[in-house]
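Reviewing the structure listed below.
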Amino acid sequence: SSSAASDVYKRQVHELIKGFAAANINSTRIKGREITTPEAQPMNLVLIMLESVNNRYLSLFGHNELTMPKMAKYKDRMEIFPLFFSNYPESSNADVSLMTGLFPPPHIYLLDKVEYRAQTMVDSLKLAGYHCSLFSSGFISDSGLAPFYRSQKYDQIYDPENLGDLKPKDIWTWGVKKHVMIDRIAEFINQRKKHDQPFFLYFRTAFPHAPFRTVTGDHSTFDMSDIAQGSYVGRFKNCMLYLDEQFARLIEEI
């Protein structure tokens, strides 16, 4: 029932706040900054969701090994928020929370829903006059994401099933390799330059993903022999090098 679900959410929030207090983490409200262009025109927006990324091994978040060397040159332009916590280990729940601003449920929510009808970020941006597109390097049918995204007002949705002109070398286990998607996104951004309408581009990644194999052979800086002991840390850090390279390239394209 809805009242039972409400009780569960209230208990979770209470436990979260109590846990933060026990860890001496204080809640701070930061005054927002109004950002406008000289002509007061809406800015184009690019939002990226990372799959299976833990900030524990990211040098941008203080890890002692250089896992993100290329992104480091942009650090003076960043706001780093290190205190992220997950309440449920399921990617699609994070998508729901990101797009709605709501506390994610403690079960695989999207498997129970044919269509999602509450207002989302995309709905609000469409009302503000934005052209909205989704680029997913994984299949949006995974984890029930397809009905969630198709019920929103995206102008275009691209995933491995409809990206077109893909070669076997462009594909890996979970979808399209990230450098291929960056190429397509760069083409899309260049096309949107011809339009006056502002755009929102949501890039939903599928890399890295267990068992954390790299998709190219030139990112093996970190020792991966720990896999013999059942550890994926070496593989994960090498995956971060590939991510770092691709996101730096996307920033440069933008």
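A count restricted to segment 101-124 and to residues that are at pLDDT 85 or above and within 18 Å of the chain's Cα centre (by Cα) stands at 3.
Applying the condition of being at pLDDT below 85 and small (Gly, Ala, Ser) to segment 147-200 and asking which residue is nearest to the chain's Cα centre (by Cα) yields SER151.
Answer yes or no as to whether LEU250 is open to solvent by less than 30 Å² (accessible area, probe 1.4 Å), modelled with pLDDT of 90 or more and touching a Ser or Thr at 6+ places or on another chain (Cβ under 9 Å). Considered against the rule, which asks whether it is open to solvent by less than 30 Å² (accessible area, probe 1.4 Å), modelled with pLDDT of 90 or more and touching a Ser or Thr at 6+ places or on another chain (Cβ under 9 Å), LEU250 comes out as no. Picking from residues in segment 68-80 that are farther than 15 Å from PHE247 by Cα and part of a loop (DSSP other than H, G, I, E, B), the one that is most open to solvent (accessible area, probe 1.4 Å) is GLU79. For segment 199-210, indicate whether the set of residues that are of a type in the set (S, T, N, Q), touching an Asp or Glu at 6+ places or on another chain (Cβ under 7 Å) and either surrounded by fewer than 16 Cβ atoms within 10 Å (Cβ to Cβ) or part of a loop (DSSP other than H, G, I, E, B) (or both) is non-empty. Yes, segment 199-210 contains at least one residue that is of a type in the set (S, T, N, Q), touching an Asp or Glu at 6+ places or on another chain (Cβ under 7 Å) and either surrounded by fewer than 16 Cβ atoms within 10 Å (Cβ to Cβ) or part of a loop (DSSP other than H, G, I, E, B) (or both).
Residue-wise test of (1) of a type in the set (Lys, Arg); (2) closer than 28 Å to ARG249 by Cα; (3) open to solvent by less than 70 Å² (accessible area, probe 1.4 Å); (4) at pLDDT below 60.
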residue	(1), (2), (3), (4)
SER3	no, no, no, yes
HIS14	no, no, no, no
VAL46	no, yes, yes, no
GLY62	no, yes, yes, no
LEU66	no, yes, no, no
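In this structure, is ASN93 over 21 Å from PHE200 (Cβ atoms), in contact (Cβ under 8 Å) with a residue 12 or more places away in the chain and under 16 Å from the mean Cα position of the chain (by Cα)? Yes: the conditions hold for ASN93. Looking across segment 120-167, the residues that are open to solvent by less than 30 Å² (accessible area, probe 1.4 Å), assigned to a loop (DSSP other than H, G, I, E, B) and among the hydrophobic types (A, V, I, L, M, F, W, C) come down to ILE140, LEU163.
The values are calculated or read from the model by the stated rules, or taken from the named source; none is laboratory data. Keep in mind it's a predicted model, so treat the numbers as computed, not measured. Glycine also receives a Cβ, built like all others from the backbone with ideal geometry; neighbour counts cover every protein chain displayed. SASA here: full protein model, heavy atoms, side chains in, ligands and nucleic acids out. Shrake-Rupley method; radii C 1.70, N 1.55, O 1.52, S 1.80 Å.
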